[in-house]
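Report on the following structure.
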Amino acid sequence: MTVDRSEGFGERLLGVLLDRAHEMPPELIAPLVAEEVTRIGGRDVSVLLQDYEQLMLMPLRGRRLLVEEPQPVSGSHAGTSFLEAKTIEVEQDGGTRMFLPLLDGSDQVGVMAVTLDTVDDDDRRLLRRLAGLVADMVVTKDSYTDVFTLTRRRAPMSVAAEIQWSLLPPLRMAVPQVELAGILEPAYDVAGDSFDYALNEDVLHVAMIDAMGHGLSAAVMATAAIGAYRHSRRSGVGLSGIYAYMDEVIAAQFGPEQFVTAQMMQLDVRTGRLRWVNAGHPWPLLIRGHDDIRQLHGTTTLPVGFGGQEPVVSEQTLRKGDRVLCFTDGLVEEHRSGGKEFGLDQLTSVISEVSLRHHRVRPMVQDLSHTLKQARGGVTTDDATILLIEWRGGTADHLATLD
């Protein structure tokens, strides 16, 4: 049997882009994409990247690119494509404007927009794959350029926030069994809050921390805590061992009066078995539907750095569709204009309201964060971080055939 290995049009277009992009300077990637899009009759190419607050999509500048006005994440065609990770087509005079999500794995980088006179399924397939290639190139080259980082900024960023953003994993991760998404406030001045996660085979590892204090000193302590968490997690120790190692590192480096509140979790993505250690952190919330919201209580231990005893590991079996919300105390201890703390009751009420509006994790996190900020008077005087996890159940065996 002879296999046809000749190069088709789509392979040739994507192949040329990939071949040329390897040593292409970062600022020329978007113009190169615009050039290649013209080969399928496309025009008015725009690349929009999400800003750090997840409020706007910011236009990337470059030759051959149409530089549009920043587009709101909420209420725009580009924003809908971004939040829902799907292609949006809008009929216009003289053609169809297509908005395609830039997906790196399952994380959303931004949106690519292009106009075609007519659109068929071949165009849709080719542009969807082209958008995926663009996202990969943006993420890869972002590691050695400031071009994309500066595009995403809408305000000056503090040194502490620079450290925290460089420390974070992607803000969204999704596989068939589980999805999570996170957000940090204030985006341009966050200091002591951070989170980390890793999906290793059937176990999702998650940590959320809140380092004592504000500013650069808190960011440095948070960096040490996340580094200790990653090191112990990758060494294969259990939750109790992770706590002990983090505690040892923080105590040794920062002394007996400094501490980090923390929550470390492990979720078996096949069975829904959730295990966690709480070290002086706010209890996570279990969200079942939109009206069943409860705290996941357990046994707490001293914050990291205070030399607590071996922690008790708490456990809960999730149902398919359950969501677990982890958050830092800035979310509930913020004082509103009248001087009263925002509080857990108000948080639960807002979660219930937002859950009715969103079935997807990423839009819910974005809406929840900004709704809470407005409910607190539109300001955040303390770090306020959210991480939402949804357990979907099942396996990913259908995605690959293994010998």
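The values are calculated or read from the model by the stated rules, or taken from the named source; none is laboratory data. Here the structure is a predicted model, which means the values were calculated and not measured. FYI the Cβ positions are ideal-geometry reconstructions off the backbone, even for glycines, and counts take in every protein chain you see. Just the protein is used for accessible areas: all its heavy atoms, side chains included, with ligands, DNA and RNA removed. Shrake-Rupley method; radii C 1.70, N 1.55, O 1.52, S 1.80 Å.
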### Query
With every protein chain present, what accessible area does residue 117 have (1.4 Å probe, heavy atoms only), rounded to the nearest 10 Å²?
100 Å²
### Query
Charges only on Cβ, +1 for Lys and Arg, -1 for Asp and Glu: so what's the dipole of the stretch 1-121 about the Cα centre, in debye to the nearest 20?
260 debye
### Query
Can you tell me the Rg and Dmax of the chain, counting just the alpha carbons, in angstroms?
22.5, 78
## Note on the structure
Pseudo-spin-label distance residue 299 to residue 201, built 7 Å along Cα→Cβ, given in nm, is 2.7 nm
### Query
Which residue, chosen from 219, 22, 243, occupies the Cα position most advanced towards the positive end of the dipole of the chain, where the dipole is computed from +1 (Lys, Arg) and -1 (Asp, Glu) charges on Cβ about the Cα centre?
243
### Summary
With Cα coordinates, the longest principal axis of the chain makes an angle with the long axis of helix 121-142, in degrees rounded to 10, of 50 degrees
### Query
Which FRET efficiency value, to the nearest 0.05, do you get for residue 129 and residue 257 by plugging their Cβ-Cβ distance into 1/(1 + (r/R0)^6) with R0 = 56 Å?
0.55
## Note on the structure
Here the relative contact order (percent) of the chain, from C-alpha pairs under 8 Å and at least 6 apart, is 13 percent
### Task
Report, by chain and number, residues whose modeled amide H sits under 5 Å from the one on residue 52, excluding near sequence neighbours (fewer than 5 apart, same chain).
154
### Query
Using the Cα atoms as the points, what is the convex hull volume per residue of the stretch 71-130 in Å³?
77 Å³
### Query
For labels at residue 146 and residue 12 in the simple 7 Å Cα→Cβ model, what's the distance in nm?
4.2 nm
### Task
Relative to the longest principal axis of the C-alpha atoms of the chain, give the angle of the C-alpha long axis of helix 239-254, reported between 0 and 90° and rounded to the nearest 10°.
80 degrees
### Percent RCO, i.e. relative contact order, over the stretch 177-305, from Cα pairs under 8 Å lying at least 6 residues apart
23 percent
## Note on the structure
Calc'd 3J(HN,Hα), the stretch 65-70, phi into Karplus 6.51 cos²θ - 1.76 cosθ + 1.60 (θ = phi - 60°), Hz, glycine/Pro = x, comes to 9, 7, 8, 8, 6, x
### Task
Summarise the long-distance tail of P(r) for the stretch 1-110 by giving the % of C-alpha pairs beyond 25 Å.
28 percent
### Query
Can you give the charge dipole size of the chain about its Cα centre, rounded to the nearest 20 debye, using +1 on the beta carbon of Lys and Arg and -1 on the beta carbon of Asp and Glu?
240 debye
### Task
Note down the Stokes-Einstein diffusion coefficient of the stretch 169-228 in µm²/s, whole number, using a Kirkwood radius over alpha carbon pairs, 37 °C, and 0.692 mPa s.
260 µm²/s
### Cα-Cα P(r), the stretch 237-304, percent of pairs per 10 Å interval
18, 43, 27, 10, 2
### Task
State log₁₀ I(q)/I(0) for the stretch 183-314 at q = 0.10 Å⁻¹ as given by the Debye formula over alpha-carbon point scatterers of equal weight, solvent excluded.
-0.31
#### Entry: Solvent-accessible area per residue, Å², over the stretch 79-206 with all protein chains present [probe radius 1.4 Å]
38 Å²
### Message
In whole percent, and with a 1.4 Å probe on the protein chains, what portion of the accessible area of the chain is carbon and sulfur?
### Response
49 percent
### Message
Once the cut-off is 20 Å, how many percent of the Cα-Cα pairs in the stretch 113-184 end up in the long-distance tail?
### Response
53 percent
